[in-house]
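The structure appears right after this line, and notes come after that.
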2 protein chains.
Amino acid sequence: MLEHFQVPDSIAVRVKPAHLRATIEQIFMKMNVPKTEAVTAADVLMFADLKGVDTHGVSNMLRAYVQAYNEKRLNPRPKLKIVKETETTAVVDGDNGLGIITCPQAMEIAIEKARRYGMGAVTINNSGHAGAVGYHAMMAAKQDMIGWAMTGGGNAMVPTFGAEARLGTNPIAFAAPASKEPFFLFDAAMTTIAGNKIGLLRRLGRPLEPGWVSLADGTPDMTGGQQPEFEAGSVRMQLPLGSTRELGSHKGYALASIVDILCGVLSGAAGFDTLDRSRRGHFVAAYRIDAFIPAEQFKQTMDGFLGTLRATKPAPGHDRVLYPGLPEYETEKVRSQKGIPLHPEVVEWFKGSCAELGIPFKLTSK
Amino acid sequence: MLEHFQVPDSIAVRVKPAHLRATIEQIFMKMNVPKTEAVTAADVLMFADLKGVDTHGVSNMLRAYVQAYNEKRLNPRPKLKIVKETETTAVVDGDNGLGIITCPQAMEIAIEKARRYGMGAVTINNSGHAGAVGYHAMMAAKQDMIGWAMTGGGNAMVPTFGAEARLGTNPIAFAAPASKEPFFLFDAAMTTIAGNKIGLLRRLGRPLEPGWVSLADGTPDMTGGQQPEFEAGSVRMQLPLGSTRELGSHKGYALASIVDILCGVLSGAAGFDTLDRSRRGHFVAAYRIDAFIPAEQFKQTMDGFLGTLRATKPAPGHDRVLYPGLPEYETEKVRSQKGIPLHPEVVEWFKGSCAELGIPFKLTSK
C-alpha cells in the first residue's frame, strides 16, 4: 500500500536530508518567516518526508504554502494570542499563521500545563494548514507524555447516507513512548485515505480503488477504477473510514465529527456552524504519564504491548504484523542514510523556486 | 442496519421501562450490590436498552453480570481506591467491582477535577465490564463538558496482516452537548461491528456479512455468509474498522491500540504487556467547555454544526443524513412510550431469575 503512493524507484531523485532541510528553511525565510519558525516549519516537513508520509512532505505541501505566502493569504510573522486560559486549557488565536508553525507553539503551551497540572489542551483558531499532525503529538511523547493532535475543516468527506461533502479528512494523531520499541505513533485521516493521496495518484496516473470515494450521487463506489480527476472540481467526495454503513462508515464519519468539534467548535473558529468550506481549527493535548503511573513502568509495558503485537502470527501473504509508528521509524532509518526520494517534477519545482528566490540549489549535489 | 440486529416485531415482547428498571435494580440488590450502586447499574443498562443499543442492554449483559456475581468473580461491594492522584488525573483500583458501577464513580472524579482545573482524566484497573461506555461520556456532557470513555481488553480483533486475535473490540465513546439539537453521542467498537452483535446474530440465526470477521487463517472475509458459531470457540476473529488494509483497517487497528494504551497501559492494569485475554482497563475524561469558550456559544455552534449535517442532501435510497446520537435519541423517545422490545427468550430468563431470587415478576404486566 505504501508503495502504491510512492514515487517509483526508477524515476525517483534521492536527495540528502540535510540539503532538503536547509533548502526548506531558506525558502521559508524568503517568505519573511523568522529564522526560528522557519526551522520549525522545515522540521515538520522533514518529519513527514523522512518517515515516508509523502502526502504531507514537501511534494504536496511546500508549494501550497509558498503560494499562500505569495498571495498574502498567510501571515509569515504570526504573534499567537491567548484568547482564554485556565490551569490546563487555552484557546489560541493563530494570527493567521501557518499551522505547522502555530501548532508546535500551541503544543508547547499544552506540554507546560501538563507538566504542572497533569494535563493540558489547547485549541487553535485563525490558523493555516497543520501539516502532519503526528509531529505535534510526538512533541508530547518525547517528553514522556501522551500526545494528541487533530486538525479539522474543509469539505472532502461525504457523511454516511449523504450526497454532499461536509467534513474534512480530519486526521487524528496520537503518540506514546516506549522504552526499547520505537514510539507508538498514529496519524491518519478519518477518510479511508488521506486527501493528498488523491493528488499523489493524479501525479502517478493511477486510478482510485474501491471504497475510497463516492459516486457523484453519494453512493459509495465499491468498484473502483475512477480517475482521480473529478468533474466537479479538484476535491473528490471521499468516503469515511469504513466506506459503507455495513462496514462501519458511520464510525469514520463520527470520528471526523469529533475532530471538527474539538478543533473547531471548541476553538471558536469561524464557519463551523455552517460547515463553511474555508473553516479550519486545530486541537492539541498532552497527558503527563507520571501523573498516572511511573513513566518507566508505562514504557516497559509499552515494550511488551508493542512487542506482542509485532509477534502476532501473520496471515497468508504477509511477512509480519506492524504497529503504528514502526514502518515510519524504519523508513526514517533508510531515508536518513539513502536520501529522500522525490519525483523529478518536485525537484524541478525546487530548482525553479530557488532560482526565483535567489537561493543556491543544492538538492542534487553529492 | 439497526433493524438487522433487532428482535423482529413479530416475536418481540414490549416491556415498560419502569418495570424493567425496577426489576434490574432488585436483581442487583439480590446480588448483594448496595441500593445506590444497584440504581446506577440499572441506569447504565436502561440507557442502552432505551437508546436501542441492544448489544449492551439487558439481553446480552445482565445474565453475564449475574453469572459473574454468582460465581464470585465480581465484588458486589467494591470500595474504589485512588492509587495515584494529581490536580487533573487519577488512577483508580476498582476493587474488582463491575465496570458499570466503577466507571460512573471514576467519571464523577474526572468531572470534579475538570470543574476545578478545566480537565480531568481517570484510568481504572481491577474492574469488570464497563457496559455501554457512552453512558459515562454522557455524564460529562450533561455537565456542559466534553466526555470521553473507553474500555480495553480481551482478544477479539485480529490486527491488520495478523492471523490471531490480539485486541478487544475496544469501544470509544465521546459526548458533547448542543442547545436545541439532541446531544452528540458516539459510542462504537473499533471492530467493524460490536462483539456482542455476533451473539445477537447467533440468537437471531443470521449469517455474518462481508468485512466483519477474518477467515481462520487471518485473511479478511470479504464474501460473508459464515455462521456466527465459530469452530475455534465462542469468539470470532473480528476485523478492525476498515476491514482490509486497502480500506483502512490499519486505522481501526490503531484506534483499538490507543484504547488499550489509555485504558490498560496508563492504568497499570495487569496483562497489557502480554495481551493476556483476561486483561481489562477503562479510561474516562472530561474537558470543561467554558475552560475554552463560553458553553452557550459552544452549544449554539453545535446546533448549527449538527443541523447542517442533518440537512445534507441524502444519497439515493436514503431519506436523510443522521449524526451520532440522533437515532439513539429518537429510539429513546419511542421506547419510553411504547416499551422496550425483548426477545421472548430474554423474558423467560427474567421470569426464571425472578422466581429463583424471590423477586415479583412484573415485566409483562400492563
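Return yes when B:A163 is out of contact with any Gly (no Cβ under 8 Å at 6 or more places or on another chain), surrounded by fewer than 24 Cβ atoms within 10 Å (Cβ to Cβ) and within 10 Å of another protein chain (Cβ to nearest Cβ) and no when it is not.
No: the conditions fail for B:A163.
I'd like the residue in segment B:317-347 that is among the acidic types (D, E) and over 18 Å from B:Y65 (Cβ atoms) and, out of all such residues, is surrounded by the most Cβ atoms within 10 Å (Cβ to Cβ). First the steps, then the outcome.
Kept after step one, since they are among the acidic types (D, E), are these residues of segment B:317-347: B:319, B:328, B:330, B:332, B:345.
Applying the additional criterion that residues be over 18 Å from B:Y65 (Cβ atoms) yields B:319, B:328, B:330, B:332.
On the way: B:D319: 7, B:E328: 23, B:E330: 14, B:E332: 18.
Top of the filtered list is B:E328.
Can you name the residue in segment B:232-261 that is small (G, A, S) and either in contact with a helix residue (DSSP H, G or I) (Cβ under 6 Å, 6 or more places away or on another chain) or not in a loop (DSSP other than H, G, I, E, B) (or both) and is also farthest from the other protein chains (Cβ to nearest Cβ) among such residues? So that I can check it myself, show each step before the final result.
We begin by selecting, within segment B:232-261, every residue small (G, A, S); these are B:232-234, B:242-243, B:248-249, B:252, B:254, B:256-257.
Checking which are either in contact with a helix residue (DSSP H, G or I) (Cβ under 6 Å, 6 or more places away or on another chain) or not in a loop (DSSP other than H, G, I, E, B) (or both) leaves us with B:233, B:242-243, B:249, B:252, B:254, B:256-257.
Working: B:G233: 17, B:G242: 6, B:S243: 6, B:S249: 9, B:G252: 7, B:A254: 4, B:A256: 10, B:S257: 7 Å.
Checked segment B:232-261; the qualifying residue farthest from the other protein chains (Cβ to nearest Cβ) is B:G233.
Return the residues of segment A:279-291 that are more than 9 Å from chain B (Cβ to nearest Cβ) and either without any contact (Cβ under 8 Å) to a residue 40 or more places away in the chain or crowded, with 23+ Cβ neighbours inside 10 Å (or both); say none if nothing qualifies.
A:R280, A:G281, A:H282, A:F283, A:V284, A:A286
Looking at segment B:262-274, which of the residues that are facing chain A (nearest Cβ under 10 Å) and surrounded by 24 or more Cβ atoms within 10 Å (Cβ to Cβ) is nearest to A:K197 (Cα to Cα)?
Among those that are facing chain A (nearest Cβ under 10 Å) and surrounded by 24 or more Cβ atoms within 10 Å (Cβ to Cβ), it is B:L262.
Looking at (1) crowded, with 24+ Cβ neighbours inside 10 Å; (2) more than 30 Å from B:G248 (Cβ to Cβ), which is the one condition that is false for B:A121?
(2)
For segment B:239-260, which positions are crowded, with 24+ Cβ neighbours inside 10 Å and either closer than 25 Å to B:K81 by Cβ or of a type in the set (D, E, K, R) (or both)?
Listed by number, the residues that qualify are B:K251, B:V259, B:D260.
Based on this model, can you work out whether A:M29 counts as among the hydrophobic types (A, V, I, L, M, F, W, C), closer than 25 Å to A:T364 by Cβ, touching a residue at least 24 places away in the same chain (Cβ under 8 Å) and buried (at least 19 other Cβ atoms within 10 Å of the Cβ)?
Taking the combined requirement at face value, the residue does not satisfy it.
Could you please let me know if A:E112 is at pLDDT 95 or above and over 17 Å from A:S127 (Cα atoms)?
yes
Could you tell me which residue of segment A:292-306 is surrounded by the fewest Cβ atoms within 10 Å (Cβ to Cβ), considering only residues that are in contact with a Phe, Trp or Tyr (Cβ under 8 Å, 6 or more places away or on another chain) and within 7 Å of chain B (Cβ to nearest Cβ)?
Among those residues, the one meeting the criterion is A:G304.
Can you find, within segment A:311-336, the residue that is farthest from B:L275 (Cα to Cα) among those that are in contact (Cβ under 8 Å) with a residue 12 or more places away in the chain and in a loop (DSSP other than H, G, I, E, B)?
If we take residues in segment A:311-336 being in contact (Cβ under 8 Å) with a residue 12 or more places away in the chain and in a loop (DSSP other than H, G, I, E, B), then A:G325 is farthest from B:L275 (Cα to Cα).
Conditions first: (1) away from chain A (no Cβ under 14 Å); (2) in contact with a Ser or Thr (Cβ under 6 Å, 6 or more places away or on another chain). B:T123 passes all but one, so which condition is the exception?
Tallying (1) away from chain A (no Cβ under 14 Å); (2) in contact with a Ser or Thr (Cβ under 6 Å, 6 or more places away or on another chain), B:T123 fails exactly one: (1).
How many residues does segment B:340-356 hold that are among the β-branched types (V, I, T) and over 18 Å from B:Q26 (Cα atoms)?
So the count comes out to 1.
For residues that are touching a residue at least 24 places away in the same chain (Cβ under 8 Å) and either aromatic (F, W, Y) or surrounded by fewer than 17 Cβ atoms within 10 Å (Cβ to Cβ) (or both), tally how many sit in segment B:348-359.
Residues flagged as touching a residue at least 24 places away in the same chain (Cβ under 8 Å) and either aromatic (F, W, Y) or surrounded by fewer than 17 Cβ atoms within 10 Å (Cβ to Cβ) (or both) within segment B:348-359 amount to 4.
Could you please let me know if B:F174 is closer than 26 Å to B:L342 by Cβ and not hydroxyl-bearing (S, T, Y)? I'd like the intermediate steps shown before the answer.
On the way: closer than 26 Å to B:L342 by Cβ: no; not hydroxyl-bearing (S, T, Y): yes.
So B:F174 does not fit the description; no.
Which of the residues that make up segment B:337-358 are of a type in the set (V, I, T) and assigned to a helix (DSSP H, G or I)?
First, pick out the residues of segment B:337-358 that are of a type in the set (V, I, T): B:340, B:346-347.
B:V346, B:V347, listed by residue number.
Specify the residue that is surrounded by the fewest Cβ atoms within 10 Å (Cβ to Cβ); the eligible residues are those in segment A:79-100 that are part of a strand (DSSP E or B) and among the polar types (S, T, N, Q).
Checking each candidate, the answer is A:N96.
Does B:T191 fit the bill of being more than 7 Å from chain A (Cβ to nearest Cβ), among the polar types (S, T, N, Q), touching a Pro at 6+ places or on another chain (Cβ under 8 Å) and within 22 Å of A:A173 (Cα to Cα)?
Spelling it out, B:T191 is indeed more than 7 Å from chain A (Cβ to nearest Cβ), among the polar types (S, T, N, Q), touching a Pro at 6+ places or on another chain (Cβ under 8 Å) and within 22 Å of A:A173 (Cα to Cα).
Could you please let me know if A:G195 is in contact (Cβ under 8 Å) with a residue 24 or more places away in the chain and more than 30 Å from A:F298 (Cα to Cα)?
Against the criterion (in contact (Cβ under 8 Å) with a residue 24 or more places away in the chain and more than 30 Å from A:F298 (Cα to Cα)), A:G195 qualifies.
Evaluate segment A:312-327: report whether one residue or more is more than 9 Å from every other protein chain (Cβ to nearest Cβ) and out of contact with any strand residue (DSSP E or B) (no Cβ under 9 Å at 6 or more places or on another chain).
There is at least one residue in segment A:312-327 that is more than 9 Å from every other protein chain (Cβ to nearest Cβ) and out of contact with any strand residue (DSSP E or B) (no Cβ under 9 Å at 6 or more places or on another chain).
For the subset of segment A:146-156 comprising residues that are more than 11 Å from every other protein chain (Cβ to nearest Cβ) and surrounded by 24 or more Cβ atoms within 10 Å (Cβ to Cβ), which member is farthest from A:R279 (Cα to Cα)?
Per the stated criteria, the residue is A:G147.
Of these, B:S243, B:S214, which one is among the polar types (S, T, N, Q) and at positive phi? Give the steps one after another, and end with the answer.
On the way: B:S214 fails: at positive phi.
Unique residue meeting the criteria: B:S243.
For B:D43, only one of the following conditions fails: (1) surrounded by 21 or more Cβ atoms within 10 Å (Cβ to Cβ); (2) within 19 Å of the chain's Cα centre (by Cα). What is its number?
(1)
Can you work out which of the residues in segment B:181-203 that are within 14 Å of B:Y323 (Cα to Cα) and charged (D, E, K, R) is farthest from the chain's Cα centre (by Cα)?
Initially, segment B:181-203 is screened for residues within 14 Å of B:Y323 (Cα to Cα), giving B:181-188.
Retained after the next criterion (residues that are charged (D, E, K, R)): B:181, B:187.
Details: B:E181: 22, B:D187: 7 Å.
Ranking the candidates gives B:E181 first.
B:E112: surrounded by fewer than 24 Cβ atoms within 10 Å (Cβ to Cβ), without any contact (Cβ under 8 Å) to a residue 60 or more places away in the chain and assigned to a helix (DSSP H, G or I), yes or no? Lay out the reasoning, then the answer.
Numbers: surrounded by fewer than 24 Cβ atoms within 10 Å (Cβ to Cβ): yes; without any contact (Cβ under 8 Å) to a residue 60 or more places away in the chain: yes; assigned to a helix (DSSP H, G or I): yes.
Judged against the criteria, B:E112 is a match.
The values are calculated or read from the model by the stated rules, or taken from the named source; none is laboratory data. Predicted, not measured: the structure shown is a model, and the values here were computed from it. Methodologically, a virtual Cβ is constructed for each residue, glycine included, from the backbone with ideal geometry; neighbour enumeration extends over all protein chains shown.
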